[in-house]
Amino acid sequence: MAVQFTFTDQNDTRSGFGAGLLELGKNNPNVVALCADLTGSLKMDAFEKAFPERFFQVGIAEANMMGIAAGLTIGGKIPFTGTFANFSTGRVYDQIRQSIAYSGKNVKICASHAGLTLGEDGATHQILEDIGLMKMLPGMVVINPCDFNQTKAATLAIAQHEGPVYLRFGRPKVPNFTPADQPFEIGKALMLKEGKDVSIFATGHLVWKALKAAEILEAEGIDAEIINIHTIKPLDEAAVLASVNKTGCAVSAEEHQRHGGLGDSIAQVFARFRPTPLEYVAVNDSFGESGTPEELMVKYGLDTVDIVKAARAAIARR
């Protein structure tokens, strides 16, 4: 009997962040929030309404927001900054490096509207390099959850982590398929489907597409193993190696540039411990463009069928 994966509803991952932030506000008086004029877009409005004395609207001044956040940690606060992923990383990289990462400040950099699924806003806003930028910073944790429930759980979890975190999420509504009560453990990959023929390591919006690809592959007699890599740094190297020791080949799937993303992190593990054929499903060294999220995912090779093709290619190289 074929394995089928289902979801209960569809929601955007940014709403998972907003729900998690509100819950943190109720349970942790040290949590504060800062936003760069995008409160509604980041779903931070519920926190602002409930805790106005702990919400700081800094306006379109992202570099200043990072400096303020770093300063707030000195007084024991746990600041969550919020703006689009492009402005959370590329625009303020110097401030993050110098004021947050270098001194290990306990700032949670929360970034929405990442990747091609930003859609019609176009290439200037569709940052596809942010994971690479942030994972290169010493001590920076990088998290890219897959749905509403996991984003909410990740938001709660990072408040308990001492040190800087980059949390990446998005605008489009996507299937919500992870359990609402599933604990989120930073740096611990999640096995979604065991298999013996090919390992598919997926992150963010590509996790659901990987599960659907597994259904197609199963109809072809290919038993794919699907692993949700929600934490890109620190990477769960043990889970990666345990999987490919069974399958002997792998696919990485991400809404990010091929260079510098999840696939490159996995390739480093293979180079150090176990040389393994790896196929990338990622944007191949190009900027995006305006279009619907669905159109762009197809055009840039990030759809379910692309994961299926990559799995076949990886098996052929085994």
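The values are calculated or read from the model by the stated rules, or taken from the named source; none is laboratory data. The model shown is predicted, which means the values in this text are computed figures rather than measured ones. Quick reminder, even Gly has a Cβ in these numbers, built from the backbone with ideal geometry, and neighbours come from all protein chains shown.
For region 225-233, the count of residues that are among the basic types (Lys, Arg), modelled with pLDDT of 95 or more, surrounded by 24 or more Cβ atoms within 10 Å (Cβ to Cβ) and assigned to a strand (DSSP E or B) is zero. Number of residues in region 168-182 that are in contact with a Phe, Trp or Tyr (Cβ under 7 Å, 6 or more places away or on another chain) and either buried (at least 24 other Cβ atoms within 10 Å of the Cβ) or part of a strand (DSSP E or B) (or both): the value is 4.
A search for C-beta distances below 9 Å between a residue of region 290-302 that is touching a residue at least 12 places away in the same chain (Cβ under 8 Å) and any residue that is of a type in the set (Gly, Ala, Ser) and surrounded by fewer than 17 Cβ atoms within 10 Å (Cβ to Cβ), counting only pairs 6+ apart in sequence or on different chains, returns SER290/GLY122; SER290/ALA123; GLY291/GLY122; LEU296/SER290; TYR300/SER286. Residue pairs whose Cβ atoms lie under 7 Å apart, separated by 6 or more positions or on different chains, with the first residue in region 245-259 and in the same structural domain as GLY288 (by TED's automatic domain parsing) and the second assigned to a loop (DSSP other than H, G, I, E, B) and of a type in the set (S, T, N, Q), are GLY248/THR276; CYS249/THR276; ALA250/THR276; GLU254/THR203; ARG258/ASN284. Exactly one residue out of GLU185, GLU218, GLU194 is outside the structural domain of GLU279 (by TED's automatic domain parsing), surrounded by fewer than 21 Cβ atoms within 10 Å (Cβ to Cβ) and either over 22 Å from ASP306 (Cβ atoms) or not hydroxyl-bearing (Ser, Thr, Tyr) (or both), and it is GLU185.
For region 5-29, the tally of residues that are in a helix (DSSP H, G or I) and touching a residue at least 40 places away in the same chain (Cβ under 8 Å) stands at 10. Of the residues that sit in region 134-146 and are aliphatic (A, V, I, L, M) and over 27 Å from ILE226 (Cβ atoms), which one is surrounded by the fewest Cβ atoms within 10 Å (Cβ to Cβ)? Within region 134-146, the match that is surrounded by the fewest Cβ atoms within 10 Å (Cβ to Cβ) is MET136. No other residue among ILE100, ILE96, ILE131 is in contact with a Ser or Thr (Cβ under 9 Å, 6 or more places away or on another chain), hydrophobic (A, V, I, L, M, F, W, C), over 22 Å from ARG14 (Cα atoms) and assigned to a helix (DSSP H, G or I) apart from ILE100.
Considering only residues that are in contact with a strand residue (DSSP E or B) (Cβ under 7 Å, 6 or more places away or on another chain) and in contact (Cβ under 8 Å) with a residue 40 or more places away in the chain, look in region 71-82 and name the one that is farthest from THR124 (Cα to Cα). Out of the qualifying residues, it is LYS77.
The set of residues in region 265-318 that are in a helix (DSSP H, G or I), among the polar types (S, T, N, Q) and either in contact with a strand residue (DSSP E or B) (Cβ under 9 Å, 6 or more places away or on another chain) or surrounded by fewer than 17 Cβ atoms within 10 Å (Cβ to Cβ) (or both) comprises SER265, GLN268.
Consider region 118-133 and keep the residues that are crowded, with 24+ Cβ neighbours inside 10 Å and touching a residue at least 60 places away in the same chain (Cβ under 8 Å). The one that is nearest to the chain's Cα centre (by Cα) is ILE131.
Quick check on region 68-94: of everything there that is surrounded by fewer than 17 Cβ atoms within 10 Å (Cβ to Cβ) and of a type in the set (Gly, Ala, Ser), which residue is nearest to ASN27 (Cα to Cα)? Selected residue: GLY76. Here THR6 passes the criteria (1) out of contact with any helix residue (DSSP H, G or I) (no Cβ under 8 Å at 6 or more places or on another chain); (2) of a type in the set (Ser, Thr, Tyr); (3) more than 23 Å from VAL174 (Cβ to Cβ) except the one numbered (3). For region 30-47, the criterion of being part of a helix (DSSP H, G or I), out of contact with any Asp or Glu (no Cβ under 7 Å at 6 or more places or on another chain), surrounded by fewer than 20 Cβ atoms within 10 Å (Cβ to Cβ) and free of Cβ contacts under 8 Å to residues at least 12 places away in the same chain is met by none of the residues. A single entry from ALA63, ALA114 fulfils the requirement of being touching a helix residue (DSSP H, G or I) at 6+ places or on another chain (Cβ under 7 Å), assigned to a loop (DSSP other than H, G, I, E, B) and among the small types (Gly, Ala, Ser): ALA114.
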